[in-house]
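Notes follow once the structure below has been shown.
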Amino acid sequence: MPFLDWVNKNQAKEATHEVPYHLLNLEQAFGDQRDAGRNMLIQGDNLLALKALVPFYAGQVKCIFIDPPYNTKSAFEHYDDNLEHSQWLSMMYPRLVLLRELLAEDGSIWVTIDDNEAHYLKVLMDEVFGRKNFVSSFAWQKTLTRRNDAKVVSAAHDHILLYGRSADSVKLKRLEADARQRATYTNRDNDPRGDWLAIPFHAPNIRANLTYPITTPGGRVLMPPPGRHWSTTREKFEELVADNRIYFGRDGNGMAQRKKFWSEAEVTLVPWTWWPYDETGENREATREAKELARDSGVSPFSTPKPERLLKRILELATDKGDLILDSYLGSGTTVAVAHKMERRYIGIEMLE
């Protein structure tokens with residue numbers, strides 16, 4: 001497996017071992033005192049804080065979400081995002097190592113990043129977590145407007161890299177079907193069983209026992225498309241025809257399609273890697289949320305928050321009630337706010353107030 005190399009990489013690798021353990025000092029507790037110890041907000045350097053957590057939480061965190069500096073060469077009000085590339089890698093490496101120690105065997109880590117460092121981060125995480133433990137890369141649509149003042153290309157998405165402590169143990173929940181999926185089911189032939197979706201009646205490859213002529217109600221003789229076979233045997237096909245589960249188009253001479261009824265359908269969906277703004281929010285929505293929170297506090301809103309709907313999607317997929325969530329680049333606090341609302345336990349780490 002290839003490895004990244006950069007100036008001072010050896011020092012970055014040693015930092016994990018050399019950083020001293022610190023004790024966490026309780027400053028204040030809020031809410032129900034019996035439950036206060038279930039959740040923590042830690043102010044300080046996240047490398048020191050992560051090292052302090054390892055003796056108590058190693059292997060216990062079900063889901064880690066981090067939104068680290070993207071290294072965009074920009075200076076924001078709340079943090080400086082202008083590290084030299086090798087410095088950025090040296091900053092990320094020991095923190096990823098400690099995050100891996102905290103992750104449960106069936107846990108997952110989700111990292112947002114843009115094109116400035118995404119592909120270097122992928123190779124870096126391959127090294128820390130193991131290439132085999134890469135699960136997926138999601139494209140989150142962070143904006144719905146095109147910037148015509150962009151020099152060459154207007155960036156519309158960020159990457160979200162997903163790794164597991166053990167990829168084979170990462171189990172993501174399925175998503176509830178929404179109105180758009182429901183709308184794909186119609187009832188073109190007034191079937192009393194209700195709306196249905198037309199599914200092609202052929203499949204890849206060629207199998208002799210699944211290759212046979214089909215005669216449509218209009219008299220046309222069909223064979224599977226080149227390189228494909230029918231989905232079932234002739235006997236099963238005839239049973240489906242008798243049960244009015246094969247559709248040949250309005251004129252009765254179209255390609256055979258199998259009817260999948262909404263009433264019989266599994267109404268959950270496997271997650272896919274495209275996360276559009278209308279499902280998971282976008283930057284302007286996140287900014288509005290931050291401004292609303294800051295309006296009465298006298299504190300300026302965080303410069304680059306993530307929308308609550310994005311965190312809700314991740315926690316819905318990767319966690320259950322009572323699971324422990326960690327965000328070591330807490331920023332605006334969105335991760336723990338959403339975790340709190342969803343009845344998850346949480347640890348958040350942030351350098352600033």
May I ask you to list the residues in segment 315-335 that are closer than 23 Å to Phe56 by Cα, of a type in the set (Val, Ile, Thr) and crowded, with 24+ Cβ neighbours inside 10 Å?
Ile325, Thr335
Please state which one of Lys73, Lys62 is in contact with an Asp or Glu (Cβ under 8 Å, 6 or more places away or on another chain), over 21 Å from Glu353 (Cβ atoms) and modelled with pLDDT under 90.
Lys73
Hand me the list of strands (runs of 3 or more DSSP E) wholly inside segment 66-168 holding 3 or more residues that are open to solvent by 40 Å² or more (accessible area, probe 1.4 Å) and among the hydrophobic types (A, V, I, L, M, F, W, C).
none
Can you pull out every residue in segment 275-314 that is polar (S, T, N, Q), surrounded by 14 or more Cβ atoms within 10 Å (Cβ to Cβ) and more than 27 Å from Ser169 (Cβ to Cβ)?
Asn283, Thr287, Ser303, Thr304
Looking at Trp272, is it of a type in the set (A, V, I, L, M, F, W, C), within 22 Å of Trp110 (Cα to Cα) and open to solvent by 50 Å² or more (accessible area, probe 1.4 Å)?
yes
In the list Leu310, Leu330, which residue meets the criterion of being closer than 22 Å to Asn46 by Cα and hydrophobic (A, V, I, L, M, F, W, C)?
Leu330
Considering each residue of segment 343-353, count those that are open to solvent by 30 Å² or more (accessible area, probe 1.4 Å) and among the hydrophobic types (A, V, I, L, M, F, W, C), and give that number.
2
Only residues in segment 151-174 that are touching a residue at least 12 places away in the same chain (Cβ under 8 Å) and within 16 Å of Gly59 (Cβ to Cβ) count as the first member; pair them with residues that are open to solvent by less than 30 Å² (accessible area, probe 1.4 Å) and small (Gly, Ala, Ser), Cβ under 6 angstrom, at least 6 apart or cross-chain, and list the lot.
Gly164/Ser108; Arg165/Gly107; Val170/Ser108; Val170/Gly164
Say we look at segment 228-243 and pick out the residues that are assigned to a helix (DSSP H, G or I) and under 11 Å from Leu210 (Cβ atoms); which of these is least open to solvent (accessible area, probe 1.4 Å)?
Phe237
Taking segment 27-41 and keeping residues open to solvent by 80 Å² or more (accessible area, probe 1.4 Å) and touching a helix residue (DSSP H, G or I) at 6+ places or on another chain (Cβ under 9 Å) leaves Phe30, Leu41
Would a scan of segment 185-192 turn up a residue that is open to solvent by 30 Å² or more (accessible area, probe 1.4 Å) and at positive phi?
yes
Count of segment 171-184 residues which are within 19 Å of Ala139 (Cα to Cα) and open to solvent by less than 80 Å² (accessible area, probe 1.4 Å):
3
I'd like to check something: does segment 90-99 contain any residue that is in contact with a Gly (Cβ under 6 Å, 6 or more places away or on another chain) and at pLDDT 95 or above?
no
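The values are calculated or read from the model by the stated rules, or taken from the named source; none is laboratory data. Quick caveat, the model's predicted, so the values are computed rather than measured. We place every Cβ from the backbone using ideal geometry, glycine too, and count neighbours over all the protein chains shown. Just so you know, the surface numbers come from the protein's heavy atoms only, side chains and all, with ligands and any DNA or RNA stripped out. Shrake-Rupley method; radii C 1.70, N 1.55, O 1.52, S 1.80 Å.
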